Amino acid sequence: MSKPFDLVAIGDTATDAFIRLKEAHVNCRIDTKACEICMSFGDKIPYESATIIAGVGNSANAAVSGARLGLSTALVSDIGNDLYGKEVLASLSGNRVATDFVRTHEKKTTNYHYVLWYGAERTILVKHEEYLYALPDIGEPRWVYLSSLGANSVSYHRDILKYLLDHPRIKLAFQPGTFQIKIGPSELKLLYKRTDIFFSNLEEAQTITGIKAKDVGLLLKGMAELGPKIVVLTDGPRGAYAYENGSMRSMPAYPDPKPPLERTGAGDAFSSSVVAALAQGKTLQEGFEWGMINAMSVTQHIGAQEGLLTQADISALLSKAPSNFKFQKLV
């Protein structure tokens, strides 16, 4: 490497097959508001369209987002020696993400997910291939962005932590995926303490902290007690919240120009945009502005990457922001 990358994202990548359903319905419980998508059992169910998108996943999306916003980015990930793997490499390269640290495994398949898309929401059928994870020498990037990895990655997280402790100038953004949330904070407690900025939604924060109440203040403080310097929690179309140095702040979502097409990747767009702003010397407030606008844009397109914006795009939209689009203290 001639010079360190601005951002190196670490996490699994995949190909997503978006299957847009025509015939389904949604059942929601009144008490918990938990919803289920329902389809006729045993029938042949027509679908409207299928869209295949390669080179996605939380970390891959963050790397693409960072590149779109002006950072030099790379992805540490694993793929199989198959057609899907070649398509992943082509997609990343086409989005100006360096693939130096993407390892191809013989006799393994590339992760392939099925996205059942109905209305603006989606349910994703996932299967993580069990790769033999190994952290390459990534040099000393300004930021590492760590997100979703497979269930066999516990020792890999220890390797990542050691690398970060040996390189204290690297800043860490941690957006835990399903497995990282499932194993709980005790297994990753030193990683949480090493985290400069943490991202999750409110429901994920409830699971991690064990706090049952959906109380934003309690959840922000509960996550901060685990060690991250900055805690950021998202709440979908209701906006996001930050906790830093004892101060809690919030920002509403940027208004949608039209109803969202589908919401895949909105959280990734928000989180990665905040990090991209911080990596370029911007304030947390500016990061939230970038993130909210990028998240809005992503929901107007299929998949997590097509709608990702440049700085110029964001500046143009920010100039049109409503008066209430402000970063303000949370009462």
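The values are calculated or read from the model by the stated rules, or taken from the named source; none is laboratory data. Note that the structure is predicted; figures quoted are calculated from it, not measured. With ideal geometry, Cβ positions are generated from the backbone for all residues, glycine too; neighbour counts draw on all protein chains shown. Accessible surface areas use protein heavy atoms only, side chains included; no ligands, DNA or RNA. Shrake-Rupley method; radii C 1.70, N 1.55, O 1.52, S 1.80 Å.
Of note:
- Environment charge at Pro46 (Cβ cut-off 11 Å; Lys +1, Arg +1, Asp -1, Glu -1): 0
- Each Lys and Arg contributes +1 and each Asp and Glu -1, all at the Cβ; summed about the Cα centre of region 1-159, the dipole is approximately 240 debye.
- With both residues required to sit in region 77-167, DSSP beta bridges show an antiparallel share near 55%.
- Max mean-square fluctuation residue, GNM over the chain, Cα-Cα springs under 10 Å, options Pro259, Pro141, Pro228: Pro259
- About the Cα centre, charge dipole magnitude for the chain (Lys/Arg +1, Asp/Glu -1 at Cβ), debye: 700 debye
- Accessible-area composition of region 184-329, carbon plus sulfur, in percent [1.4 Å probe]: 51 percent
- When the listed pairs Lys212/Lys329; Lys86/Lys221; Lys229/Lys258 are checked against a 32 Å cut-off, the alpha-carbon distance exceeds it for Lys86/Lys221; Lys229/Lys258.
- Among beta bridges from DSSP that stay inside region 18-102, the antiparallel ones total about 75%.
- Extent along the principal axes, Cα only, for the chain: 56, 53, 41 Å, with the longest axis given first.
- In the context of the full protein assembly, Cys28 retains an accessible surface of approximately 80 Å², using a probe radius of 1.4 Å and ignoring ligands and nucleic acids.
- Taking Cβ atoms as reference points and 10 Å as the exclusive limit, the residues near Gln175 contribute a net charge of -2, counting Lys and Arg as +1 and Asp and Glu as -1.
- Kirkwood hydrodynamic radius (C-alpha pairs) into Stokes-Einstein, region 198-301, 4 °C and 1.567 mPa s, D in µm²/s: 94 µm²/s
- For region 135-189, the set of trypsin sites (Lys or Arg not before Pro) satisfying both a DSSP loop assignment and a count of at most 16 other C-beta atoms within 10 Å is given as Arg169.
- Solvent-accessible area, 1.4 Å probe, carbon plus sulfur percent, for region 1-116: 52 percent
- Overall form of region 84-238 per C-alpha gyration tensor (a/c, 1.5; a/b vs b/c): oblate
- Shape of region 50-131, Cα gyration tensor, a/c cut at 1.5: oblate
- Net charge over other residues, Cβ less than 13 angstrom from the Cβ of Ile314 (K, R count +1; D, E count -1): 0
- Applying a 4.7 Å cutoff between beta carbons, the unpaired cysteines of the chain are Cys38.
- Most mobile of Asp12, Asp82, Asp137 in a GNM of the chain (Cα contacts under 10 Å): Asp137
- Cα centroid separation - region 60-108 against region 254-331, whole Å: 23 Å
- Per-residue SASA entry for Met248, accessible area with 1.4 Å probe, Å² rounded to 10: 40 Å²
- Charge dipole of region 156-215 about the Cα centre (unit charges at C-beta), most positive-ward option of Thr209, Pro176, Tyr156: Tyr156
- Quarter of the Cα convex hull surface for region 100-191, i.e. its orientation-mean projected area (nm²): 7.5 nm²
- Loop-located trypsin sites (Lys or Arg not before Pro) across region 1-103 with a Cβ neighbour count of 12 or fewer within 10 Å are Lys22, Arg29, Lys33, Lys44, with loop assigned by DSSP.
- Surface accessible to a 1.4 Å probe, per residue, for the residues of the chain, Å²: 47 Å²
- Thr73 - accessible surface, heavy atoms, 1.4 Å probe, Å² rounded to 10: 0 Å²
- Antiparallel bridges, percent of DSSP beta bridges restricted to the chain (to nearest 5): 45 percent
- Ordered by 1.4 Å accessible area with all protein chains kept, Lys212, Lys326 run largest first as Lys212, Lys326.
- Loop sites in region 1-60: GluC sites (Glu not before Pro), DSSP, at most 14 other Cβ within 10 Å: Glu23
- Computed about its Cα centre, the charge dipole of region 27-119 is approximately 180 debye, with only Lys, Arg, Asp and Glu carrying charge at their Cβ.
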